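Enquirer: Can you keep this structure in mind? I'll have questions shortly.
The values are calculated or read from the model by the stated rules, or taken from the named source; none is laboratory data. In this text the structure is predicted, and so the values were computed from the model without any measurement. Every residue, glycine as well, gets a Cβ built from its backbone with ideal geometry; the counts of neighbours run over all protein chains shown. For the accessible areas, the whole protein counts, side chains as well, though only heavy atoms, and no ligand, DNA or RNA atoms are used. Shrake-Rupley method; radii C 1.70, N 1.55, O 1.52, S 1.80 Å.
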Amino acid sequence: MSACQYMIAPPHPVIIIHKKHAATIYPQKTFRKREIIIIIYRAMLLFFPSSPISSIHYISKSIFSLKYRKPYFFSTMSIHLKSPVFAGNPIRSKTPKSTDPFSPSSAFQTLKILLSAQTHLQEPSSPNFQVLPFRKGRPLAGSTGDLVKKWHLGWLSFADFKDVLEGTEVKLSHDLLVYLGCKTKKEDKEEEDSVVYWGIDVSEGIKLVEKLGSRQLTFVELRTLMVATDWSDDVAMGELAIAGHARALLEWHKTSRFCGSCGEMLVPTEAGTRKQCIKDSCKKRIYPRVDPVVIMLVIDKENDCALLSKNSRFVPRMWSCLAGFLEPGESLEEAVRRETWEETGIQVGEVVYHSSQPWPVGPSSMPCQLMIGFLAYATSLEINVDKRELEDAKWYSREEVKKALTFAEYGKAQKTSAYKVDQMCKGVEKGQNLAADYNVESGELATMFVPGPFAIAHHLISSWAHQV
């Protein structure tokens, strides 16, 4: 393919507008740059005939610049994921109707019956309850213990969970359990039951740790499970998403104990998915907190170099994208430009959305961040790092970034972390330096690497480096 030709490939078909305005979709075809611009003009004239020519010209130039840079390559991840890590929760795909026995309200009524003295009254048609305990933000997990060493969440049946709690510091009550989701019975599978999943914080249960340890189950940091997850394993990715959602909800419950309006206590409602003030004159409803964060790969105007930064909080030798929280009254694009300027002194013009990712592994004060990824095109090159925000920032060529992606042995890091989880479940707790997992094949440390496939930063960087 020549330098002046560009491939348009699925899943982004091109609509070609002919003289008679008949639309034909070409899933894959090679076009010259000027031909693409003409296609855009004709499409805009067809669908927006009253638009000024200057507006159409601006829109077409915003997609492919004839003067300043190479075209955008809308992302398909180089490491293909069905959904970003912590997204694609398999038990939250649909919200059940309130009349369904596995809806939050119906399941909560069944839960209260099970917790009463008449536990034997559970009807055969009632859904099966599974409970996932958390301790200090860490989900209960186990390991297969075989050569592959895959971790899994430590789900307990409701009856089993009650037995485990006997003689521990945790006193079970319905307001401690939080509804996580459900999995309904499929008509073609008679052996399956409808299942309702619950999360619970058992941080006070010291004796519980010993009991669960005898079953080779232990509480593991969610970040450790994240790195230990094989991203090609759909089941493991689903379990990680469930754990992330559960941690976000439970940590929100811990930090949202009092009403921000009147100062009274907040109590769980709707099976723990909401909270409400107990004061009759207030009754304010509180919803789970989500903190939006913009994360951007800043690219020079020639689309040949990317700006990467290093933070003192990062593991050694890791470089990543710039990121920052959205401020009140600010658009996402404005946040990208402001954060880039504040941290590096780089001016940003055009901002293009890439993808998003829930991030429930931050501090408990911000139990779930939403990472919103962008490609940001710089209009200046001189870097002036704010040392209060960053340790360093540099422009890296595409080849340098590709080399960093090659050096980082993400598969090795995953296997090492999976082994660590396996050892923890067996009671052999060993410290592991995550940075030491990222080595070149020769055994020497890589001079730099970028975050692994579990982070949106990886896919921003990788999609640009490989032009996919």
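Enquirer: Does segment 349-374 hold any residues that are open to solvent by less than 20 Å² (accessible area, probe 1.4 Å), touching a helix residue (DSSP H, G or I) at 6+ places or on another chain (Cβ under 6 Å) and over 18 Å from LEU297 (Cβ atoms), and which are they?
Expert: Result: PRO360, VAL361, PRO367.
Enquirer: One residue is enough: does segment 410-429 have a residue meeting the conditions modelled with pLDDT of 90 or more and assigned to a strand (DSSP E or B)?
Expert: Checking segment 410-429: not a single residue is modelled with pLDDT of 90 or more and assigned to a strand (DSSP E or B).
Residues checked against (1) in a strand (DSSP E or B); (2) closer than 27 Å to PRO288 by Cα:
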{"site": "SER355", "(1), (2)": "yes, yes"}
{"site": "PRO363", "(1), (2)": "no, yes"}
{"site": "MET371", "(1), (2)": "yes, yes"}
{"site": "GLU389", "(1), (2)": "no, no"}
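Enquirer: Look through segment 375-413, keep the residues that are over 12 Å from ASP300 (Cα atoms) and hydroxyl-bearing (Ser, Thr, Tyr), and return whichever of them is least open to solvent (accessible area, probe 1.4 Å).
Expert: Of everything passing the filter in segment 375-413, TYR410 is least open to solvent (accessible area, probe 1.4 Å).
Enquirer: Can you name the residue in segment 127-157 that is more than 27 Å from the chain's Cα centre (by Cα) and surrounded by fewer than 20 Cβ atoms within 10 Å (Cβ to Cβ) and is also nearest to SER105 (Cα to Cα) among such residues?
Expert: For segment 127-157, the residue satisfying everything is ASN128.
Enquirer: Let me ask something additional. With segment 268-310 as the region, which strands (runs of 3 or more DSSP E) entirely inside it contain at least 3 residues that are without any contact (Cβ under 8 Å) to a residue 60 or more places away in the chain and surrounded by 15 or more Cβ atoms within 10 Å (Cβ to Cβ)?
Expert: Numbers: elements: 274-277, 291-299, 305-310.
Ranges flagged: 274-277.
Enquirer: Considering only segment 156-167, I want to know if a residue exists there that is part of a strand (DSSP E or B) and at pLDDT below 90.
Expert: no
Enquirer: Before we move on, is VAL348 of a type outside the set (Phe, Trp, Tyr) and either more than 27 Å from ARG138 (Cα to Cα) or more than 22 Å from the chain's Cα centre (by Cα) (or both)?
Expert: For VAL348, the condition - of a type outside the set (Phe, Trp, Tyr) and either more than 27 Å from ARG138 (Cα to Cα) or more than 22 Å from the chain's Cα centre (by Cα) (or both) - is met.
Enquirer: Among the residues of segment 202-249, count how many are basic (Lys, Arg), outside any loop (DSSP other than H, G, I, E, B) and surrounded by fewer than 16 Cβ atoms within 10 Å (Cβ to Cβ).
Expert: Residues in segment 202-249 being basic (Lys, Arg), outside any loop (DSSP other than H, G, I, E, B) and surrounded by fewer than 16 Cβ atoms within 10 Å (Cβ to Cβ): 2 in total.
Enquirer: Here's something else I'd like to know. State yes or no: is SER397 at pLDDT 90 or above, under 18 Å from ARG317 (Cα atoms) and of a type outside the set (A, V, I, L, M, F, W, C)?
Expert: Details: at pLDDT 90 or above: yes; under 18 Å from ARG317 (Cα atoms): yes; of a type outside the set (A, V, I, L, M, F, W, C): yes.
Spelling it out, SER397 is indeed at pLDDT 90 or above, under 18 Å from ARG317 (Cα atoms) and of a type outside the set (A, V, I, L, M, F, W, C).
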